[in-house]
1. Using the Cα atoms as the points, what is the convex hull volume per residue of the range 27-71 in Å³?
2. In the Gaussian network model of the chain, springs joining C-alpha atoms below 10 Å, which of Ala44, Ala157, Ala100 carries the largest mean-square fluctuation?
3. Kirkwood Rh and Cα-based Rg: tell me the resulting Rg over Rh for the range 73-138, rounded to two decimals.
4. Distances over 26 Å make up what percent of all Cα-Cα pairs in the range 74-229?
5. About the Cα centre, and with charges only on the beta carbon of Lys, Arg (+1) and Asp, Glu (-1), how big is the dipole of the chain? Nearest 20 debye, please.
6. Sequence gap at least 6, Cα distance under 8 Å: using those rules, report the relative contact order of the range 13-141 to the nearest whole percent.
7. Using the 10 angstrom Cβ neighbour count as an exposure proxy, how do Glu115, Glu5, Glu67, Glu53 rank, fewest first?
8. Percent relative contact order of the chain, based on C-alpha pairs within less than 8 angstrom and at least six residues apart?
Amino acid sequence: MNKQELDKKLRELGDEKYKAFHSKLKPSESEVIGVRSVEIRKLAKKIAFDDLEYFVDELTVNDSYEEKIITGMAIFYSKLGIDEKINLCKKYVPFIDGWAVCDGVCSTIRLKKAEKEPFWNYIKECCKSDKEFIVRFGLVSARHDYINDEYIEEILAICRDKEYIGYYDRMASAWLIADCMVKYPEKIYEYLKNESIDIWVRNKAVSKIRESYRVSDEMKEKTNLLTKA
């Protein structure tokens, strides 16, 4: 399959009603064709074992939302080694132009134990970027396999020290902190109470904690008092 064949296939699968619905969610700055997620994943798995590097190298800013998310998912569906996956990510991630592209790709990340540390180093590199969606990719990736004793302090330091660029990296940080609260309630409570983190991120993290079904009512009440103007 080449890019032209993929584009043709996507347009055959496109659903106008789904396109109208999904477009309202603003998943990407790119054209939305309206292909459902089950078909997107099927195509990503096909490309993962086809000519993956070709699709990564030929990706352009003008490609559709579907082609962008398929290419990113294919990286993590592939059987490539972690170093090869990271090298492809370095080419691919700058093309992420929406929350759904980012989060959809991150949902496919599955790491073996030996792969976690090299990929963590790449996550930290992403979080240092001055590009909003590269940072979001790093922060959302950290939600997968990294909320544990080994990485929690580094996660909190990243969220505390980051100079955020826009809405989507801030939201990813708040989401990550709220997830950390599930496993480390007292630690995150103290973190939100005492640390000098971005006020918007703090408030949004508190809001997400309040909405969570995995945090106790007592901790929700305590944390809710930390909201600041």
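1. 57 Å³
2. Ranking Ala44, Ala157, Ala100 by mean-square fluctuation puts Ala157 first.
3. On the Cα set of the range 73-138, Rg over Rh gives 0.93.
4. Roughly 25 percent, rounded to a whole number.
5. With Lys and Arg at +1 and Asp and Glu at -1, about 600 debye.
6. Here the relative contact order equals 23 percent.
7. Glu5, Glu53, Glu115, Glu67
8. Here the relative contact order equals 13 percent.
We did not get these values from a lab; they are worked out from the coordinates using the rules stated. Because the structure is predicted, anything quoted here is derived from the model rather than measured. Neighbour counts run over all protein chains shown; Cβ positions are idealised from the backbone, glycine included.
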